Amino acid sequence: MSDIHLNPEQLAPLMALERQRFLERHPQSLALSRQAEGHFLLGVPMHWMRDWPGPATLFVREAHGVSLTCADGLNYSDFCLGDTGAMFGHSPPAVAQALAAQSSRGLTSMLPTTQTPVVGERLAECFGMPFWQLAMTASDANRFVLRWARAVTRRPQVLVFDGCYHGAVDDTLVDRDPLSGLTLPRASVLGQVHNHPAYTRVVPFNDLDALEAGLSDGQVAALLAEPALTNFGLVPPQPGFWEAAQTLCRRHGTLLVLDETHTMSTGLGGYARCHGLTPDCLVMGKAVAGGMPCAVYGFTDAMARQMQAAKQEAPEGHSGIGTTLTANALTMAALAAALEHLHTHDSYQHMLDIAAKLEQGLMDRIRAAGRPWTVTRLGARMELQFMACTPRHAQDVREQSQPALESYIHLFMLNRGVLLTPFHSMMLCSPATRLTDVETLLRCFDEWLDTLPA
Ligand SMILES: Cc1ncc(COP(=O)(O)O)c(C=O)c1O
């Protein structure tokens, strides 16, 4: 069996070859990069579009299903799928048609469209929560939910798990000091003034003792968590963890908010629905409306009553919840179509079957190559992890991950027509993913393995 950690210095020349290959194959993307640099910071409309590996940005001409075509006319099998925004495939026909039909009937009016009641019924049926509100992004939804949670419980604190990501939400952009266990502001966050230690507690995932200690003084309004960490590699819950965590929340009067923005990939209705969990509130974003900017949050009857009371008791004026274009007519049309045509048993059956094949193919190759790595899968989403075992919490990932190896595989795959999620090695299968896409990925993986030092 090979060494667990490959030496980044041995990978450097391999990476240099890939950078060169990218430049040779993408003259149009390179030209667009230079042109865009004239007026966009870092040459991109969103700075993290430069976080993809490679010497220049890949510009997209168009995308359908899981096929993406870049400015140079090269085609890619997309397993990144917009980091879940396009989980149901790019431009799903039902959503594209609904958008086209709505686009000539009004885009936004600050009033609900006639489809609204049906959308509410479909949300309740799909995700199992009786009441709903919309937001434009999952970041917004999480921010709003934390406001509601503090308003209804009249408690100041929130608790999150170490390694969490819930979007651009100040309360949650924290890390845990591994020595003291105290909350630290996340060092990479820009312009930070929020008083994190005063209002956010952070404990390791899968650690019930730490969770109980964090909740026991009755000051925590909400535990905001993904059912499995998906933004720090993929860290699944240990058996029984959520049942016990749920009981702890109830015992200490803390609302349980599950952010299912990524774990919606588990199965129809999301992780909580598939595993019989009963949170107080659920957040779904990204792919929920088939890739249009939209997020939804659902809550129980009891919470709805408390939210209504909190709103009635508050003075007239801004609630700090909501943005002007949220729930606009285009979004509602996309959401209605997505709930009817994408969130279906058939979609998930295909996604899960094909994801299982990909997982098996990767694991077979890892074993055959004698590499001490693993693949962790949650429904349609999986993560190639350059460590011997599935991690139990964020600290495992910090200690064992191999960033140089990750960058190398991302760029190697991209240069051969396969897109992996750039921030770690996540692969997502959609209803449009074909066996040929999986075979392409596995063939490139074989090639990549052959390039590695022993
Ligand atoms: C679990 C989770 N919640 C929320 C978000 C934020 O989503 P958005 O960037 O669409 O606001 C993300 C983004 O990656 C996420 O992974």
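The values are calculated or read from the model by the stated rules, or taken from the named source; none is laboratory data. Treat the numbers as computed from the prediction; the structure is a model and nothing was measured. Positions of Cβ are generated from backbone atoms using ideal geometry, with glycine treated the same way; all protein chains shown enter the neighbour counts. With ligands, DNA and RNA removed, areas are computed over all heavy atoms of the protein, side chains included. Shrake-Rupley method; radii C 1.70, N 1.55, O 1.52, S 1.80 Å.
Bridges between two residues of the chain, per DSSP, are antiparallel at a rate of about 65%. Dividing the radius of gyration of the alpha carbons in the chain by their Kirkwood radius gives 0.96 for Rg/Rh.
With both labels modelled 7 Å from their Cα along Cα-to-Cβ, the residue 340 to residue 25 distance reads 4.1 nm. In terms of packing, defined here as the mean over residues of other Cβ atoms within 10 angstrom, the peptides 89-100, 136-147 line up highest first as 136-147, 89-100. Note on region 317-366: with neighbouring protein chains present and a 1.4 Å probe, carbon and sulfur make up 51 percent of its accessible heavy-atom surface.
Among 434-446, 218-230, how do they line up from the highest to the lowest mean number of other beta-carbon atoms within 10 Å?
Details: 434-446: 17.0, 218-230: 23.2.
Top to bottom by mean Cβ count within 10 Å: 218-230, 434-446.
Remark: relative contact order (the chain) = 23 percent; criterion is Cα-Cα distance under 8 angstrom and separation of 6 or more residues. For the listed peptides 105-117, 52-64, a ranking on the average number of other beta carbons within 10 Å per residue, highest first, reads 52-64, 105-117.
Give, rounded to the nearest 20 debye, the magnitude of the charge dipole that region 197-355 has about its Cα centre when Lys and Arg contribute +1 at Cβ and Asp and Glu contribute -1 at Cβ. Walk me through the numbers before you get to the answer.
Working: 7 positive and 15 negative charges, 40 e Å.
Using Cβ point charges on Lys, Arg, Asp and Glu, region 197-355 gives about 200 debye.
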